[in-house]
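This report refers to the structure that appears directly beneath it.
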Amino acid sequence: MRAAVLREFKAPLSIEEIAQPQPGAHEVLIEVEACGVCHSDLHLADADWPQLVRIIKKPLVLGHEIAGRVTKKGASVENLQIGDRVGVPWLHWSCGECEFCREGNENLCIKQQITGVTVDGGFAEFVKAPASHALKIPEPLSSRDAAPLFCAGVTVYRALQHAKIQPGERLAVFGVGGLGQLAVQIGTELGAAVTAIDVSDEKLAQAKTFGASATLNATTANVAKELRRTGGVHAAIVTSAAKAAYDTAFLCVRPTGILLVVGLPAEPICFPPISMAASEVRIQASSVGTRQDLRAVLAMAAAGKIHSQVTTRPLAQVNDAMAELRNGTVSGRIVLIPR
């Protein structure tokens, strides 16, 4: 099968023929119909995260926003049938037995396998996955539209659920890319008054169409001053990988508010302890999501409440797609189509 393979960090992916995976007793083989390109793929390819570099499988097929159809299944698989349309997320497998799994936080499983990190992912024509963790895609959703929900969608959904946003509260979304567009929509669906912040007027205009009640361009407006003028925001979610976005977002949160850490800059972020204590600001990180979170996101999308702005590219153009993402010129999500 054809696949885009990571053989060396900080080098282009290699388009080559590799062996098609074969499913084990509890696995399914999936013909990939669509796979989103995520900022995490860039960080992995560029070795930006030392914690993950140590566990990355090499050579590696990246890609963890996968949608496709089951073409083979193992002898013990009962919950899926040949022809079923399914998605495979970042959380490839969780043990179900560790402390975190028992607490309902399987996304923090201490034995977890990660799609496109510790096992091969979806930048390929086929991928195999545990049947227990391949989730059925509702019929109203196409594979190209469903794929980004398996990381971008579930990540912002879980983060906003942590914030426990109430109708009428103020939410600031920093960065209106693939994750930010979905954060605007989910925040609006929760009843929040959403302000979108970005450095691109084009992306801000799109945020308006997704339900943002206000927008601010960080290059021309004093974002902190504008948001604090109305009392600050109850929650700020940073989907950008820019450290500067965090520096500004922290200043925008009202006392007792929450700053949601989603975007992952390569460098550390830091906030003054005295300012945190003085206003009792909470800082909450969020790690992708659970299968339960994913089912909720898929249901929202199937009901027409959220959708991704998707641009498709053939698998052969994966390096061009990653370059566009690296340069910040992507609006929404790029989805690779292997065939």
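The values are calculated or read from the model by the stated rules, or taken from the named source; none is laboratory data. Nothing here was measured: the structure is a model prediction, and the numbers come from that model. Ideal geometry is used to build each Cβ from the backbone, glycine not excepted, and the neighbour counts take in all protein chains shown.
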What single numbered condition from (1) touching a helix residue (DSSP H, G or I) at 6+ places or on another chain (Cβ under 6 Å); (2) within 30 Å of Pro140 (Cα to Cα); (3) assigned to a loop (DSSP other than H, G, I, E, B) fails to hold for Ile82? (1)
Would you point out the residue of the range 79-109, among those that are of a type in the set (A, V, I, L, M, F, W, C) and under 16 Å from Ala131 (Cα atoms), that is farthest from the chain's Cα centre (by Cα)? Ile82
Conditions: (1) under 28 Å from Arg2 (Cβ atoms); (2) surrounded by fewer than 22 Cβ atoms within 10 Å (Cβ to Cβ). His162 meets all but one. Number of the miss? (1)
Among the residues in the range 263-280, are any modelled with pLDDT under 95, in the same structural domain as Tyr157 (by TED's automatic domain parsing), crowded, with 23+ Cβ neighbours inside 10 Å and under 30 Å from Cys109 (Cβ atoms)? yes
Taking the condition of being outside any loop (DSSP other than H, G, I, E, B) and either of a type in the set (Asp, Glu) or surrounded by fewer than 24 Cβ atoms within 10 Å (Cβ to Cβ) (or both), how many residues in the range 190-209 meet it? 10
Residues that are over 25 Å from Gly104 (Cα atoms) and under 14 Å from the mean Cα position of the chain (by Cα), drawn from the range 297-308: His307, Ser308
Could you tell me whether any residue of the range 31-43 is in a loop (DSSP other than H, G, I, E, B) and not hydrophobic (A, V, I, L, M, F, W, C)? no
Is there any pair linking a residue in the range 94-109 that is touching a residue at least 12 places away in the same chain (Cβ under 8 Å) to one that is surrounded by 11 or more Cβ atoms within 10 Å (Cβ to Cβ) and acidic (Asp, Glu), with Cβ under 6 Å and at least six apart or on different chains, and which? Ser94/Glu106
Pairs with Cβ under 9 Å, 6+ apart, first in the range 119-138 and in the same structural domain as His26 (by TED's automatic domain parsing) and closer than 13 Å to Glu27 by Cα, second assigned to a loop (DSSP other than H, G, I, E, B) and of a type in the set (Asp, Glu): Val127/Asp120; Lys128/Asp120; Ala131/Glu78; Ala134/Asp84
Among the residues of the range 224-259, which ones are of a type in the set (Val, Ile, Thr) and surrounded by fewer than 18 Cβ atoms within 10 Å (Cβ to Cβ)? Thr230, Thr256
Is one or more of the residues making up the range 267-283 in a loop (DSSP other than H, G, I, E, B), within 16 Å of the chain's Cα centre (by Cα) and more than 20 Å from Glu169 (Cα to Cα)? no
For the range 1-26, what are the residues that are exposed (fewer than 14 other Cβ atoms within 10 Å of the Cβ), more than 12 Å from Leu60 (Cβ to Cβ) and not small (Gly, Ala, Ser)? Lys10, Glu16, Glu17, Gln22
Unmet requirement for Lys111, which otherwise passes all of (1) in contact with a strand residue (DSSP E or B) (Cβ under 6 Å, 6 or more places away or on another chain); (2) within 30 Å of Ser94 (Cα to Cα); (3) among the charged types (D, E, K, R): (1)
How many residues does the range 301-339 hold that are in a helix (DSSP H, G or I), surrounded by 16 or more Cβ atoms within 10 Å (Cβ to Cβ) and touching a helix residue (DSSP H, G or I) at 6+ places or on another chain (Cβ under 7 Å)? 3
Can you give me the number of residues within the range 313-339 that are among the hydrophobic types (A, V, I, L, M, F, W, C) and within 14 Å of Cys38 (Cβ to Cβ)? 8
Hey, any hits in the range 287-296 for a residue that's loosely packed, with under 14 Cβ neighbours inside 10 Å, of a type in the set (S, T, N, Q) and within 16 Å of the chain's Cα centre (by Cα)? yes
Enumerate the pairs (first residue in the range 154-172 and in contact (Cβ under 8 Å) with a residue 24 or more places away in the chain; second residue anywhere and of a type in the set (Asp, Glu) and surrounded by fewer than 24 Cβ atoms within 10 Å (Cβ to Cβ)) with beta-carbon separation below 8 Å, excluding pairs fewer than 6 apart on the same chain, so at least 6 apart or on different chains. Val154/Asp293; Tyr157/Asp293; Arg158/Asp293; Gln161/Asp293
